[in-house]
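Below is one structure; the comments refer to it alone.
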Amino acid sequence: MQSSNDIAAIRDIGIMAHIDAGKTTTTERVLFYTGISHKMGEVHDGNTVMDFMEQEQERGITITSAATTCFWRGNRINLIDTPGHVDFTIEVERSLRVLDGAVAVFDAVAGVQPQTETVWRQAERYHVPRIAFVNKMDRVGATLDRTVEMMKSVLHAHPMVVQIPNGLESAFTGVIDLLLMEEIVWTDDGGTQLTRAPVTEAHELHTEATLAREALVEAVAEVDDETMNVFLETGAAGVPLDLLKAGLRRATIANKGVAVLCGTALKNKGIQPLLDAVIDYLPSPLDMPPVIARRKADDGEVQRRPAVDEPLLALAFKVVHDPHRGPLVFLRVYSGVLKVKDAIQNVTRDRKERVNKLLQVHANKMQEIDEVSAGNIAAAVGLRFTTTGDTVVVATDREQVILPGLEIPEPVIF
Ligand code: GDP
């Protein structure tokens, strides 16, 4: 499993959507499958997938936390709760600030909805790279194409469609991965199966997938020079898988394009490829530019890199009241390391504080940890004065710096 200092293996992401598009269901499915795979990867004492599923059903999955940590393919995904469908409040601004990337969930029947537009613009304003998950492909009236067209016409986005559905509405069975040109279907226990449907099955489906793959290569090439160079030399069919994937990642991180996947969260068709896409296309903290802070003493600019050997710089982005533990202060650490019992300085409020405990919140448990390092998120127990929006550094740090720009910005008229 990933070590605590492996910053490249962290994804700090949010899920955003218009109400009813499926944000809750998608989040639950993500936590459910990552829970199974993590458990399976760790425990070899006879626990079966079914045991785990039953336990989960009994306990219920906690998704109400400000940030929930799960693991996928050896990576740590911190799912940060973004307030839904709200206007320009400071809470949205703060939560967008702690994300490095986002999954935008669309309703395949309704397409782009008013609040999709709102959250999309907010993400754009903060340059948050996005991938799109077109949900509810099993519903009557679902189409991928219309939603993709609306992404272009309403959101002015550059969609890069990486999957097409195999069958629609009640006939929806899975998706065709256009990078692999294979069909992905789901087994009852949540596992995936790859079949060679486009190659072996109906000629029509194969033709559709081939055209869609060509369109994907062109869409990536349009916004990524490296892909364009190879595309011009070899044509769409000659662009190798690794290069196409790397192009998709670069284009997404540079906010030049949006990888589009489809599925149904409710029926578990599409969640695992979505998790793969989070790891493959969304940035890790290392992909982000250094954070700019200001010295409180003279307002001088200081840059902090996402590295453990930098001084601690953390932002409190949410306080949740726990009946047993008192206030849990959720911190995103941008640089350095915060350890339990460290004396810290809340620079915003000029207060010294001590961290009694650090917690990592998982879907079904709170885990005590000794430290939280650059790029990661944890809940601190024992802070009495620190609240949402405050900047925290180590008390002995000579440079008392503060993260600027957390005041409420002027609303933007679209
Ligand atoms: P939220 O408001 O965005 O959090 O949406 P929810 O996750 O609560 O979903 C809204 C409704 O749509 C619920 O009744 C879900 O059961 C249903 N739903 C969510 N995803 C799907 C899907 O993929 N297919 C179908 N048919 N229904 C879905």
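The values are calculated or read from the model by the stated rules, or taken from the named source; none is laboratory data. Keep in mind that what you see is a predicted model, and the values were worked out from it rather than measured. Neighbour counts run over all protein chains shown; Cβ positions are idealised from the backbone, glycine included.
Applying a threshold of 6 Å to beta carbon distances and a minimum spacing of six or more residues, or different chains, the list of pairs starting in region 11-23 at a residue that is within 13 Å of VAL112 (Cβ to Cβ) and in a loop (DSSP other than H, G, I, E, B) and ending at one that is of a type in the set (S, T, N, Q) and more than 6 Å from the ligand (Cβ to nearest atom) reads HIS18/GLN113; HIS18/GLN115; HIS18/THR116.
Scanning region 11-30 for residues that are charged (D, E, K, R) and either more than 6 Å from the ligand (Cβ to nearest atom) or closer than 17 Å to TYR126 by Cα (or both) gives ARG11, ASP12, GLU28, ARG29.
For region 33-44, the count of residues that are within 20 Å of ILE279 (Cα to Cα), at pLDDT 85 or above and not acidic (Asp, Glu) is nonzero. What are the residues in region 107-132 that are under 15 Å from the mean Cα position of the chain (by Cα) and of a type in the set (A, V, I, L, M, F, W, C), if any? Result: VAL119, TRP120, ALA123, VAL128, ILE131, ALA132.
The number of residues in region 342-397 that are in a strand (DSSP E or B) and in contact with a helix residue (DSSP H, G or I) (Cβ under 9 Å, 6 or more places away or on another chain) comes to 2. Test PRO289 against the stated conditions and say whether it is more than 16 Å from the ligand (Cβ to nearest atom), surrounded by 16 or more Cβ atoms within 10 Å (Cβ to Cβ) and not in a helix (DSSP H, G or I). In short, no.
Of the numbered criteria (1) outside any loop (DSSP other than H, G, I, E, B); (2) under 23 Å from the mean Cα position of the chain (by Cα); (3) at pLDDT 95 or above; (4) away from the ligand (no atom under 13 Å from the Cβ), the one ASP145 fails is (2). Beta carbons closer than 8 Å, at least 6 apart along the sequence or on distinct chains, pair a first residue in region 219-233 that is in a helix (DSSP H, G or I) with a second that is polar (S, T, N, Q) for VAL220/THR227; ALA221/THR227.
Are any of the residues in region 145-168 hydroxyl-bearing (Ser, Thr, Tyr), within 17 Å of VAL105 (Cα to Cα) and out of contact with any helix residue (DSSP H, G or I) (no Cβ under 7 Å at 6 or more places or on another chain)? Outline the logic, then answer.
At the first step, the residues of region 145-168 found to be hydroxyl-bearing (Ser, Thr, Tyr) are 147, 153.
Narrowing the set further to residues that are within 17 Å of VAL105 (Cα to Cα) leaves 147.
Checking the rest, the ones that are also out of contact with any helix residue (DSSP H, G or I) (no Cβ under 7 Å at 6 or more places or on another chain) come to 147.
The answer is yes, given that some residue of region 145-168 is hydroxyl-bearing (Ser, Thr, Tyr), within 17 Å of VAL105 (Cα to Cα) and out of contact with any helix residue (DSSP H, G or I) (no Cβ under 7 Å at 6 or more places or on another chain).
Residues to consider are ASP145, ASP138; find the one that is more than 25 Å from PRO283 (Cα to Cα) and buried (at least 19 other Cβ atoms within 10 Å of the Cβ). Can you show your working first?
Numbers: ASP145 fails: buried (at least 19 other Cβ atoms within 10 Å of the Cβ).
Result of the check over ASP145, ASP138: ASP138.
Among residues belonging to region 87-131 that are part of a loop (DSSP other than H, G, I, E, B) and within 18 Å of VAL320 (Cβ to Cβ), point out the one that is modelled with the highest pLDDT. Going through the qualifying residues, I end up with LEU99.
Is there a residue being out of contact with any Pro (no Cβ under 6 Å at 6 or more places or on another chain), part of a helix (DSSP H, G or I) and either at negative phi or not small (Gly, Ala, Ser) (or both) anywhere in region 252-265? No, that holds for no residue.
Annotation: of all residues in region 148-172 being in a loop (DSSP other than H, G, I, E, B) and free of Cβ contacts under 8 Å to residues at least 40 places away in the same chain, the one that is farthest from the ligand (Cβ to nearest atom) is HIS156. You will find that of VAL175, VAL103, VAL119, VAL134, the residue that is in contact with a His (Cβ under 8 Å, 6 or more places away or on another chain), within 16 Å of the ligand (Cβ to nearest atom) and closer than 27 Å to ALA9 by Cα is VAL119 and no other. Against the numbered list (1) within 24 Å of the chain's Cα centre (by Cα); (2) modelled with pLDDT under 95, ASN135 comes up short only at (2). Residues that are within 16 Å of the ligand (Cβ to nearest atom) and not in a helix (DSSP H, G or I) were ranked within region 266-286; the one that is surrounded by the most Cβ atoms within 10 Å (Cβ to Cβ) is GLY270.
All of (1) modelled with pLDDT under 90; (2) surrounded by 23 or more Cβ atoms within 10 Å (Cβ to Cβ) hold for ARG213 with one exception: (1).
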